[in-house]
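Below is one structure, written out as structure tokens; comments come after it.
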Ligand SMILES: NC(=O)c1ccc[n+]([C@@H]2O[C@H](COP(=O)([O-])OP(=O)(O)OC[C@H]3O[C@@H](n4cnc5c(N)ncnc54)[C@H](OP(=O)(O)O)[C@@H]3O)[C@@H](O)[C@H]2O)c1
């Protein structure tokens, strides 16, 4: 088993033109110790040769929205924090009705069926903020989409009461998790679990609940003279989908709880640099400017 780790020399990255994938690819390309590995980035406009001879590391991007999928007006603040190590059995067995989980299950099967060929790791990020150092899409989604929804509604909007929490991570810190996992698995470190033990949550700071975020956004828009109504509009999921042009996942961005601990990443000595609420809020200001610049 250990010798398989040492023989691995391929890294395959999906979503390389995206916010996360771009940041990760940038980080790997800037790291001299990674030069000895063959790094393949999937880009949809380009054909790829298929090389089945070498051992491969598959790092898959999932999300911490796997942790809850029931939208309900009776749900309140989170009652549970999931650790990707301490709650592992529960996480692996989450049903395929959870977002991301059907693809996670495929990834889990890949290593289970071909452990001699592939090592897999699944990275689940919480709310990502910050501007990616990547190459195409560099802004995240949850906050920018909430800014857009607020502007469209002309007042702060929440899913039901909005009293739901996620945690947050800066995209630069997230890229470092990918780096550490990739390096550790390629080097055969026993600290880097893979396969059905290889779930990695990315979380560095506590997100204020989405109601508070909605209020913060509207305060900035009021200051800019763009909105005058500060009264929170508590919406049913269907109304949020309408505001977001039929995007069915929109209510889940702000209407579920997603609370976790980055246990496996911390075991790899991951030390996030961006953990303060101040930075998180400052980045909301940046997202507001970004959305306004798109108009
Ligand atoms: N941003 C967040 O806060 C966050 C948090 C947790 C989890 N996630 C998850 O992380 C993943 C990546 O998020 P992101 O924010 O980096 O997204 P993004 O910026 O929209 O990038 C998506 C990437 O995936 C590629 N892609 C899309 N559809 C594809 C397909 N059918 N086949 C192959 N490639 C495809 C895109 O390629 P093109 O450039 O060709 O379109 C792009 O490179 C998503 O699954 C998302 O749900 C995101």
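The values are calculated or read from the model by the stated rules, or taken from the named source; none is laboratory data. Model, not experiment: these values are computed from the prediction. Glycine also receives a Cβ, built like all others from the backbone with ideal geometry; neighbour counts cover every protein chain displayed.
Taken together, the residues in segment 167-196 that are in a helix (DSSP H, G or I), within 15 Å of residue 61 (Cα to Cα) and more than 14 Å from the chain's Cα centre (by Cα) amount to 6.
The residue of segment 254-278 that is farthest from the chain's Cα centre (by Cα), among those that are at pLDDT below 95 and closer than 26 Å to residue 226 by Cβ, is 278. Across segment 55-81, the qualifying residues are those that are closer than 28 Å to residue 238 by Cβ and outside any loop (DSSP other than H, G, I, E, B), and the one among them that is nearest to the ligand (Cβ to nearest atom) is 63.
Across segment 264-283, the number of residues qualifying as buried (at least 19 other Cβ atoms within 10 Å of the Cβ) and assigned to a helix (DSSP H, G or I) comes to 4. For segment 138-158, the criterion of a residue being on the phi > 0 side of the Ramachandran plot, touching a helix residue (DSSP H, G or I) at 6+ places or on another chain (Cβ under 6 Å) and either assigned to a helix (DSSP H, G or I) or touching a residue at least 60 places away in the same chain (Cβ under 8 Å) (or both) is satisfied by no position. Residues being modelled with pLDDT of 95 or more and under 15 Å from residue 252 (Cα atoms) are represented in segment 202-210 by at least one member.
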